[in-house]
1. Are any residues in the stretch 101-144 free of Cβ contacts under 8 Å to residues at least 12 places away in the same chain and basic (K, R), and if so, which ones?
2. Output the residues belonging to the stretch 108-144 that are out of contact with any strand residue (DSSP E or B) (no Cβ under 6 Å at 6 or more places or on another chain), under 16 Å from N56 (Cβ atoms) and part of a helix (DSSP H, G or I).
3. Select from the stretch 25-49 the residues that are touching a strand residue (DSSP E or B) at 6+ places or on another chain (Cβ under 7 Å), farther than 15 Å from V133 by Cα and in contact (Cβ under 8 Å) with a residue 40 or more places away in the chain and list them in ascending order.
4. If you take the residues of the stretch 50-105 that are aromatic (F, W, Y) and modelled with pLDDT of 95 or more, which of them is nearest to H132 (Cα to Cα)?
5. Being in contact with a strand residue (DSSP E or B) (Cβ under 9 Å, 6 or more places away or on another chain), part of a loop (DSSP other than H, G, I, E, B) and β-branched (V, I, T) is the filter here, so list the residues in the stretch 73-107 that pass it.
6. Filter the stretch 84-114 down to residues that are under 14 Å from the mean Cα position of the chain (by Cα) and small (G, A, S), then give me how many there are.
7. Regarding the stretch 112-128, can at least one residue be identified that is modelled with pLDDT under 95 and among the hydroxyl-bearing types (S, T, Y)?
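The values are calculated or read from the model by the stated rules, or taken from the named source; none is laboratory data. Not measured: the values here are computed from a predicted model. Positions of Cβ are backbone-derived with ideal geometry, glycine not excepted, and every protein chain shown enters the neighbour counts.
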Amino acid sequence: MDEKLVGVITRAEPPIWKIFVDGAANQKGSGIGLVLISPEGIIFEKSLRLAFSTTNNEAEYEVVLVGMSMVYSMGGKGVHMFSDSQLVVGQVTRTIEARDSRMKEYLTRVINLQSKFDSFTLSHVSRGGNAHVDSLATLATSLA
């Protein structure tokens, strides 16, 4: 090159929120537990009882949607989410096919919301690695 300056444009990755989620459904009701960690390290913990009946898998999808919505409403553009639901993680990452009509509906909602983020990943964690949010979800099922 003849000594001309060449500008380089790089796209910075968005600050990443971490979200740990779990859903629960039993005879007492359905609940979800979330722990959101902002890029600055601020921790938000939520235990929410669902006002409608769900299966366990539906509760797992509900909590994914709630977590994504919460971060989006706070202006977050990057998410790394963790769930112990092999089904939900597999369907969202496309390693498991969603066959049931309800699961297809939930998956479509997640994909639509996912498109609003610059960066989104959903990873599987063991139940032991998700014990805190499991407790929050179970607590929500026992609330009146």
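1. Within the stretch 101-144, just K104 meets the criteria.
2. Scanning the stretch 108-144 gives S135, S142.
3. G29
4. Across the stretch 50-105, the extreme among qualifying residues is F82.
5. As a first pass, look at the stretch 73-107 and keep what is in contact with a strand residue (DSSP E or B) (Cβ under 9 Å, 6 or more places away or on another chain): 74, 76-86, 88-90, 92-93.
Subsequent filtering for residues that are part of a loop (DSSP other than H, G, I, E, B) retains 74, 76-77, 84-85, 93.
Passing the criteria: only T93.
6. So the count comes out to 2.
7. Within the stretch 112-128, one or more residues are modelled with pLDDT under 95 and among the hydroxyl-bearing types (S, T, Y).
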